[in-house]
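Engineer: Below is one structure. I have some questions about it.
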Amino acid sequence: MENLKNKKAIITGGGRGLGKATAIAFAKEGIDIAITGRNEEVLKKTVSELEEFGINAIYSTFDVSNYDDVKKGIKNIITTLGSVDILVNNAGIAAFGSFNEMDVNQWSQIIQTNLMGMYYVTKEILPHLITKNQGDIINVASTAGLNGNANTSAYSASKFAVIGMSESLMKEVRKNNIRVCTLTPSTIVSDMSIGLGIADNDSSDRVLQPEDFAELIVAGLKLPKRAMLKSASLWSTNP
């Protein structure tokens with residue numbers, strides 16, 4: 001199994017929920033971490049928690065849907081961290097509504113954030129990984145990107161696109177010893193899922209928690225370099 005200690009990771013949407021759980025799991029492995037998000041207060045608080053594990057932790061406040069902000073933010077992160085080994089593209093938004101009733105701007109913003117945001121961040125980090133001739137990119141999609149459902153057209157479209165982009169990138173950069181993994185989790189208890197009304201604050205043994213998601217990512221990263229977790233779906237045992 002690969003030793004992750006002293007590696008450098010960037011996690012978008014790392015201030016809370018799945019991103020925060022992943023950051024904590026990384027910190028326990030000795031990984032230095034940069035988290036990004038739009039709420040500076042939340043990011044500061046999470047960085048303080050991460051530093052308690054004895055690793056270097058920093059944050060950068062920007063909206064992944066704005067390419068100019070992404071370029072500046074990623075440049076600052078790389079300068080401070082010194083390098084990057086792992087990228088977790090976790091930042092995303094969701095809203096549900098019928099095809100005709102959802103506002104055009106809201107529909108577009110979901111695509112801009114979930115798809116274009118992931119593209120922007122990856123585009124800025126990929127050259128660094130190619131130069132090193134190694135690295136890991138974990139792209140967070142969703143089971144909504146495997147099957148469409150009523151009232152999820154924008155979110156499903158964004159996640160279907162993420163899966164296609166991610167799998168194409170995987171085949172493109174394998175020659176550079178870069179592993180690209182696409183994760184499609186089902187509903188996990190988080191601020192976003194609770195806010196959407198598709199989950200409640202349930203910590204029972206049969207409901208997926210952010211820590212379960214983080215554990216899967218760490219397990220994939222620890223695989224020998226000759227092995228790559230191409231994709232994985234995470235489901236609750238609760239039917």
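Every number in this text was worked out from the coordinates using simple rules, so none of it is lab data. It should be emphasised that the depicted structure is a prediction, and the values quoted were computed from it without experimental measurement. So basically every Cβ, Gly included, is an ideal-geometry build from the backbone, and we count neighbours across all protein chains shown.
Engineer: Expressed as an acute angle from 0 to 90° and rounded to the nearest 10, what is the orientation of the C-alpha long axis of helix 210-221 relative to the principal long axis of the chain?
Structural biologist: 50 degrees
Engineer: Please report, in debye to the nearest 20, how large the charge dipole of the range 1-124 is about its Cα centre when each Lys and Arg carries +1 at its beta carbon and each Asp and Glu carries -1 there.
Structural biologist: Using Cβ point charges on Lys, Arg, Asp and Glu, the range 1-124 gives about 240 debye.
Engineer: Using a 10 angstrom Cβ neighbour count of at most 16 plus a DSSP loop assignment to flag exposed GluC sites (Glu not before Pro), which longest range of the chain is free of such sites?
Structural biologist: In the chain, the maximal stretch lacking such sites is 102-239.
Engineer: While we're here: Which value, in debye to the nearest 20, gives the size of the charge dipole of the chain about its Cα centre, when Lys and Arg are +1 and Asp and Glu are -1 at the Cβ?
Structural biologist: For the chain, the charge dipole is close to 1060 debye.
Engineer: As an exercise, identify the chymotrypsin sites (Phe, Trp or Tyr not before Pro) in the range 86-123 lying in DSSP coil whose Cβ has no more than 15 other Cβ atoms within 10 Å.
Structural biologist: 99
Engineer: Could you work out how far apart the two model spin labels at residue 101 and residue 131 are, taking each label as a point 7 Å from the Cα in the direction of the beta carbon, and quote it in nm?
Structural biologist: Inter-label distance under the simple model: 5.0 nm.
Engineer: Let me ask something additional. Add -39500 (n - 2.57) for each DSSP H run of 4 or more in the chain, then divide by its residues: what number comes out at 222 nm, to the nearest 500 deg cm²/dmol?
Structural biologist: -13500 deg cm²/dmol
Engineer: Then there is this: Just to confirm the number: angle between the C-alpha axis of helix 40-51 and the first principal axis of the chain, 0 to 90 degrees, nearest 10?
Structural biologist: The angle comes out near 50 degrees.
Engineer: A 27 angstrom limit on the alpha carbon distance is what I want to check against. Which of 7/45; 45/175; 28/71; 28/171; 20/71; 7/44 exceed it?
Structural biologist: The pairs that break the limit, which is 27 Å between Cα atoms, are 45/175; 28/71; 28/171.
Engineer: Identify all lysines with a Cα-Cα distance to residue 72 below 18 Å; exclude those on the same chain that are fewer than 8 residues away in sequence.
Structural biologist: Reachable lysines: 123.
Engineer: Quickly work out the residue 218-to-residue 150 label distance, labels modelled 7 Å from Cα along the C-beta direction, and quote it in nm with one decimal.
Structural biologist: 4.1 nm
Engineer: Could you give the length gained on full extension between residue 230 and residue 48, defined as 0.36 nm per residue of separation minus the Cα-Cα distance, in nm?
Structural biologist: Stretched fully, the residue 230-residue 48 segment lengthens by 62.2 nm.
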